[in-house]
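Student: I'd like to ask some things about the structure below.
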Amino acid sequence: MDFLLDTHTVIWFSENNSILSERAREIISNPRNNCYMSVVSYWEMAIKIKIKKLNLGINLFDLEKELIQRGFVILPIKIEHVIKTIDLELHHSDPFDRLLISQAIIEKKQIISRDNIFDKYGQIRIW
């Protein structure tokens with residue numbers, strides 16, 4: 001199956017953080033599943049690193065290499081993803097999360113996130 005990981009999910013998985021649910025960890029660790037990380041998550045992390053709201057202990061280039069070695073696929077941002085956000089209800093005002101939801105809908109991927117506001121968009125959310 002195909003799964004799109006929310007930014008916090010990627011961070012917690014890479015850190016082996018116990019906050020990540022066991023179900024999410026099992027899905028991500030299963031080599032039969034395809035796990036995607038959006039470029040929007042890199043963008044969000046870069047901004048948070050710059051404003052000192054995030055300290056990964058690893059630079060983003062090394063994180064990307066690590067995730068690719070683990071079998072993650074980097075999902076680019078397409079213009080159709082951006083345009084789809086126009087159709088989304090304003091349940092969520094975070095532009096990064098709105099773009100993630102748009103990508104999950106267009107690319108037909110379940111999203112792995114602790115953020116239950118995603119449920120309002122009718123997309124399957126795993127946690």
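Taken together, the values in this text are just the output of simple stated rules run on the coordinates, not laboratory data. From a predicted model like this one, the values you see are computed outputs, not experimental measurements. All Cβ positions, glycine included, derive from the backbone under ideal geometry; neighbour counts span all protein chains shown.
Student: What are the ³J(HN,Hα) couplings of the range 3-20, residue after residue, when phi is run through the Karplus curve with 6.51, -1.76, 1.60 and θ = phi - 60°? Round to Hz, x for glycine and proline.
Tutor: Coupling constants for the range 3-20: 10, 9, 9, 5, 4, 5, 5, 4, 4, 5, 5, 5, 8, 6, 7, 5, 5, 5 Hz.
Student: While we're here: Using 0.36 nm times the number of residues separating residue 80 and residue 94, minus their current alpha carbon distance, what extension gain do you get?
Tutor: So the extension gain works out to 3.2 nm.
Student: Another question about this same structure. Considering only DSSP beta bridges where both residues belong to the range 2-126, give the percentage that are antiparallel (nearest 5).
Tutor: Bridges in the range 2-126 are about 0 percent antiparallel.
Student: Residue by residue through the range 69-85, which ³J(HN,Hα) values in whole Hz follow from phi under the Karplus form 6.51 cos²θ - 1.76 cosθ + 1.60 (θ = phi - 60°), with glycine and proline marked x?
Tutor: 4, 7, x, 5, 10, 7, 9, x, 8, 9, 4, 5, 5, 5, 5, 4, 4
Student: Sorted by mean Cβ packing within 10 Å, highest first, what order do the peptides 108-119, 4-15 take?
Tutor: Highest-to-lowest ranking by the protection proxy: 4-15, 108-119.
Student: Then there is this: Could you pull out every residue, at least 5 positions away or on a different chain, whose amide H is within less than 5 Å of the one on residue 36? Hs are placed 1.01 Å off N in the peptide plane, and Pro or chain starts have none.
Tutor: Amide H neighbours of residue 36, under 5 Å, 5+ apart: 3, 4, 5, 73.
Student: Stretched out fully, how many nm does the piece from residue 48 to residue 117 gain, at 0.36 nm a residue minus the Cα gap?
Tutor: 22.7 nm
Student: Moving to a separate point now. Quick one: putting +1 on the C-beta of Lys and Arg, -1 on the C-beta of Asp and Glu, what dipole do you get for the chain around its Cα centre, in Debye to the nearest 20?
Tutor: So the magnitude is around 120 debye.
Student: Rounded to the nearest 0.05, what FRET efficiency do residue 60 and residue 21 have when you use their Cβ-Cβ distance and R0 = 35 Å?
Tutor: E(calc), rounded to 0.05, equals 0.90.
Student: Number of Lys-Lys pairs in the chain under 24 Å by Cα, sequence gap 8 or more or different chains?
Tutor: Within the chain, the lysine pair count is 15.
Student: Work out from phi, with θ = phi - 60° and the Karplus expression 6.51 cos²θ - 1.76 cosθ + 1.60, the ³J(HN,Hα) of each residue of the range 98-105, listed in order in whole Hz, and give x for Gly and Pro.
Tutor: Those phi angles translate into 5, 5, 4, 4, 4, 5, 4, 5 Hz.
Student: So for the chain, taking the charge dipole from beta-carbon charges (+1 Lys/Arg, -1 Asp/Glu), which of 105, 30, 58 sits furthest toward the positive end?
Tutor: 58
Student: Averaged over all directions, how much area does the convex hull of the C-alpha atoms of the chain cover when projected, in nm²?
Tutor: 7.4
Student: Listed highest first by mean packing, meaning other Cβ atoms within 10 Å per residue, what order do 32-41, 62-71 come in?
Tutor: Top of the packing list down: 32-41, 62-71.
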